[in-house]
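The values are calculated or read from the model by the stated rules, or taken from the named source; none is laboratory data. Computed from a predicted structure; not experimentally measured. Positions of Cβ are backbone-derived with ideal geometry, glycine not excepted, and every protein chain shown enters the neighbour counts.
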Amino acid sequence: KERSQSLKTEFSDLENEINTLLLNIPNVPNPAVPEGATEDDNEVIFEKGEIPTFGFNALPHWDLATKYDIIDWELGVKVTGAGFPIYKNQGARLQRGLINFFLDEAIKAGYSEYVPPFVINEDSGYGTGQLPDKEGQMYQITADDLYLIPTSEVPLVNTLRGDRVKKEELPIKLTAYSPCFRREAGSYGKDVRGLNRLHQFDKVELVMA
């Protein structure tokens, strides 16, 4: 019994070590992707349309939002903190309308609409690659060992985790709206303003397998 228990413990330790190594192997880049250090090294495949030029002093979206009282950054800071804007009046209606529009368009394209949980367990975090290397970007509910989702892609993909899918069942097309939560640690700087690098934002996700 002692020998058997010792081997079980040794096996468990080795299994955990192997899993840790496997989880840290990065995805292999496609050979067609050019090497580079900055966005200037990206290859332009095609361009469509032209960048508009205005015959007046155009305002950035953060100034327009304040001018028309549709997004309130200061109120969001008061209630929660930076990165949590509050949408008001026509801004709130626009946000709700866009969510419904994109969901309806996805359904027309053959996607099945889901309403997933907005929190996930650890296994789901590993299932889509948020763990083990993105813990610092996720909000964790430590009392229950759960995480707020960074996008509804995570719970949607994990509905198929561990399942065997028959070829004739493909493609599987799923869509969902969810609020998304990201700590965006270390992302702030002088060039980041307005609706960039938010800690909470709305998104309609498309997943196809």
Practice task
Output yes when any residue across the stretch 2-15 is touching a Phe, Trp or Tyr at 6+ places or on another chain (Cβ under 8 Å) and in a helix (DSSP H, G or I), and no when none is.
Solution key: no
Problem - Considering residues of the stretch 68-123 that are touching a Gly at 6+ places or on another chain (Cβ under 7 Å) and under 30 Å from Ala143 (Cβ atoms) only, the residue surrounded by the most Cβ atoms within 10 Å (Cβ to Cβ) - result: Pro85
Handout entry: Filtered residues of the stretch 125-154 (kept if closer than 27 Å to Ile107 by Cβ and touching a residue at least 40 places away in the same chain (Cβ under 8 Å))
Key = Thr151, Ser152, Glu153
Exercise for the section: Determine whether the stretch 150-162 contains at least one residue that is assigned to a loop (DSSP other than H, G, I, E, B), under 30 Å from Ile71 (Cβ atoms) and not β-branched (Val, Ile, Thr). Expected result: yes
Exercise for the section: Pairs only if they're at least six apart or on different chains, beta carbon under 8 angstrom, first in the stretch 12-37 and at pLDDT below 90, second outside any loop (DSSP other than H, G, I, E, B); list them, first residue then second. Expected result: Leu23/Tyr126; Pro34/Asp41; Glu35/Asp41
